[in-house]
Amino acid sequence: MTAREIILKKRDGQSLTESEISFFIQSYLRGEIADYQMSALLMAIYFQGMGFEETVTFTRIMRDSGEVVDFSHLPGSKVDKHSTGGVGDKVSLILAPLVAAAGVKVPMISGRGLGHTGGTLDKLESIPGFKTRLPLSRFKKQVEAIGTCLIGQTEEICPADRRIYAMRDATATVQSIPLICGSILSKKLAEGINALVLDVKVGNGAIFEEAGTAEELAAHLIRTATAFNLNTVALLTDMSQPLGVAAGNWVEVCEAIDVLQGRGPADTRQVTLALGAIMLRLAGKTKDYRSGMERLRVLLNNGVAWKKFLEIVQAQEGDVSFLENPAKYAVPKHRLEIKAESAGYLTAINAREIGRLSMLLGAGRQTVDDAIDYTAGMLIHKKVGDRVQNQEPLLTLQNSGQPPDQNFVQTVQRCFAIGSQPVTPPKLLHKLLDAHGVHAVAEFA
Ligand code: URA
């Protein structure tokens with residue numbers, strides 16, 4: 001068996017066997033298959049897809065590239081959440097401490113920014129000192145001791161996804177359902193959880209813009225997870241504009257602090273509470289979503305979730321004084337307001353472009369080795385449906401690298417569409433899917 005033969009087989013639309021997938025991934029991790037051959041296989045999978053059994057096998061081999069954690073000695077359910085990625089999606093930062101504060105264990109393995117979307121690890125690492133690369137033994141101890149730990153893939157856990165995830169971005173192979181299933185579920189299946197909630201984003205800032213394709217992705221993720229007996233629910237949520245008011249890294253941590261202190265933008269709060277209520281129900285802590293949301297609202301408003309967040313940051317060596325006093329943080333060298341050039345109603349925001357421009361400002365990586373400017377990002381002052389006056393600020397850009405030039409500013413300005421007629425803001429929660437089918441989301445109202 002050679003790498004070339006396997007690439008050729010997939011290129012020509014045939015299914016790969018377990019031994020072929022295993023050979024390819026193991027040889028790649030040992031450095032015996034080159035990056036260009038892995039890139040070719042990824043592109044072949046992108047175009048030819050994978051059958052259901054093949055996707056399950058691929059996911060299992062990705063998971064087994066590292067250790068699989070066993071938390072069966074811990075009483076109660078272990079539940080996690082994963083998002084397919086969006087712009088301004090800081091939900092994990094709030095949800096992990098919030099659900100842990102409600103008494104559910106939340107072992108969480110997250111990813112870095114991918115393309116125009118941000119990544120939980122990069123946001124956490126904007127907190128001075130915060131460590132996302134921890135030995136597995138420490139990950140386990142922290143989940144046992146304080147109920148949650150947020151780490152990334154390492155050499156010990158999901159090394160295959162650690163290597164392939166970054167390459168997918170560079171090879172334009174992110175939008176592939178089997179590759180997404182293998183990437184997301186290998187991380188989640190390695191965490192030792194009993195149940196999972198997926199936040200599948202829909203809209204122009206999501207991996208898949210079209211609602212139909214996003215639903216197809218959700219159904220595939222659930223079907224694949226079910227093959228591993230992982231009880232999984234997916235909530236389809238809006239990504240036709242950035243979530244909340246901040247896109248970047250430290251700016252998103254600040255928004256997460258606001259929500260954890262009982263304030264924050266209504267949309268970020270609503271998505272977090274809905275996902276959290278699903279987690280509580282999956283863990284058997286509540287009978288219905290409404291009571292779960294109410295319980296979580298109390299934990300946000302009484303400071304318990306905030307204290308849990310400080311506990312996590314301290315345990316992972318972050319400097320909590322920056323969280324307690326965000327004004328201590330480095331001030332961005334450049335700040336620029338983008339203003340409306342006409343009056344009317346905000347009819348659309350190009351979230352994908354906002355994410356891409358935010359990455360170019362320094363909040364994300366253009367190549368795997370790029371350093372992140374943690375002060376870089378965008379503060380969004382107007383959302384779809386808002387009334388806008390001429391010259392009113394729509395957005396503030398900030399960074400500490402190269403100052404944005406006029407061309408950049410105009411490109412940001414074009415992300416906002418202003419019309420003369422009022423528009424209804426997009427629906428935030430679209431649909432709920434589980435192994436039994438598709439359900440309405442009225443219960444989260
Ligand atoms: N998030 C992941 O972890 N992997 C993907 O492929 C896409 C989003």
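The values are calculated or read from the model by the stated rules, or taken from the named source; none is laboratory data. Since the model is a prediction, treat every value here as computed from it, not as a measurement. We place every Cβ from the backbone using ideal geometry, glycine too, and count neighbours over all the protein chains shown. Ligands, DNA and RNA are stripped out before the accessible areas are found, and what is left, the full protein with its side chains, is counted by its heavy atoms. Shrake-Rupley method; radii C 1.70, N 1.55, O 1.52, S 1.80 Å.
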Query raised in the report: How high is the relative contact order of the chain, in percent, with contacts defined as C-alpha pairs under 8 Å that are six or more residues apart?
Result: 18 percent
Query raised in the report: Among Met279, Met359, Met43, whose mean-square fluctuation peaks in a Gaussian network model of the chain (Cα, cutoff 10 Å)?
Result: Met43
Query raised in the report: In what sequence, largest accessible area first, do His381, His436, His116 appear using a 1.4 Å probe?
Result: His436, His381, His116
Report task. Give the distance, in whole Å, between the Cα centre of the range 95-158 and the Cα centre of the range 279-335. Result -> 13 Å
Query raised in the report: Per-residue ellipticity at 222 nm for the chain, helices alone: DSSP H runs ≥ 4 residues times -39500 (n - 2.57), over residue total, nearest 500 deg cm²/dmol?
Result: -13000 deg cm²/dmol
Report summary line: Which residues qualify? For Lys339, with a placed amide H closer than 5 Å and at least 5 residues away or on another chain, they are Leu394
Query raised in the report: For the range 332-419, with equal point scatterers placed on the C-alpha atoms only and solvent neglected, what are the log10 I(q)/I(0) values from the Debye formula at q = 0.12, 0.18, 0.22, 0.25 1/Å, to two decimals?
Result: -0.35, -0.74, -1.02, -1.23
Query - Rg/Rh for the chain, where both radii come from Cα atoms and Rh is the Kirkwood radius - result: 0.96
**Report entry** Derived scalar couplings ³J(HN,Hα) [the range 323-336; Karplus, 6.51 cos²θ - 1.76 cosθ + 1.60; whole Hz; x for Gly, Pro]
**Finding:** 7, 6, 9, x, 5, 5, 5, 3, 7, x, 5, 10, 9, 9
Requested in this report: Could you pull the accessible area for Ser77 with a 1.4 Å probe, rounded to 10 Å²?
Outcome: 30 Å²
Query raised in the report: Which of the aspartates and glutamates could a cross-linker span from Lys333 if the Cα-Cα distance has to be under 16 Å and same-chain partners fewer than 8 positions apart are dropped?
Result: Asp373, Asp405
Requested in this report: Report the accessible area of Glu156, computed with a 1.4 Å probe over the heavy atoms of all protein chains in place, in Å² rounded to the nearest 10.
Outcome: 70 Å²
Report summary line: Descending accessible area (1.4 Å probe), largest on the left, turns Tyr165, Tyr28 into Tyr165, Tyr28
Report task. Using only the Cα atoms of the range 3-49, construct the convex hull and provide its projected area averaged over every direction, in square nanometres to one decimal. Result -> 2.8 nm²
Requested in this report: Amide H neighbours of Lys105 under 5 Å, at least 5 residues apart or on other chains, H built in the peptide plane: list them.
Outcome: Val79
Query raised in the report: With every protein chain present, what is the per residue accessible area of the chain (1.4 Å probe, Å²)?
Result: 39 Å²
Query raised in the report: Going through the range 229-334, which trypsin sites (Lys or Arg not before Pro) have at most 10 other Cβ atoms within 10 Å and a DSSP loop state?
Result: Lys287
Query raised in the report: How big is the accessible area of Val68 in square angstrom, nearest 10, if you roll a 1.4 angstrom probe over the protein chains?
Result: 70 Å²
Requested in this report: Starting at the first residue of the range 127-140, write each ³J(HN,Hα) from the Karplus equation 6.51 cos²θ - 1.76 cosθ + 1.60 with θ = phi - 60°, in whole Hz, x for Gly and Pro.
Outcome: 7, x, x, 4, 10, 9, 9, 10, x, 4, 4, 6, 4, 5
Query raised in the report: Just for the chain, what percent of DSSP beta bridges are antiparallel, to the closest 5?
Result: 60 percent
Report summary line: Counting only protein heavy atoms with a 1.4 Å probe and every protein chain in place, the carbon and sulfur fraction of the accessible surface of the chain in whole percent equals 50 percent
Requested in this report: For an R0 of 22 angstrom, estimate the FRET efficiency from the Cβ-Cβ distance between Ala170 and Arg223 and round to the nearest 0.05.
Outcome: 0.15
Query raised in the report: Regarding the range 29-170, what are the three Cα extents along the principal axes, ordered largest first, in Å?
Result: 44, 34, 28
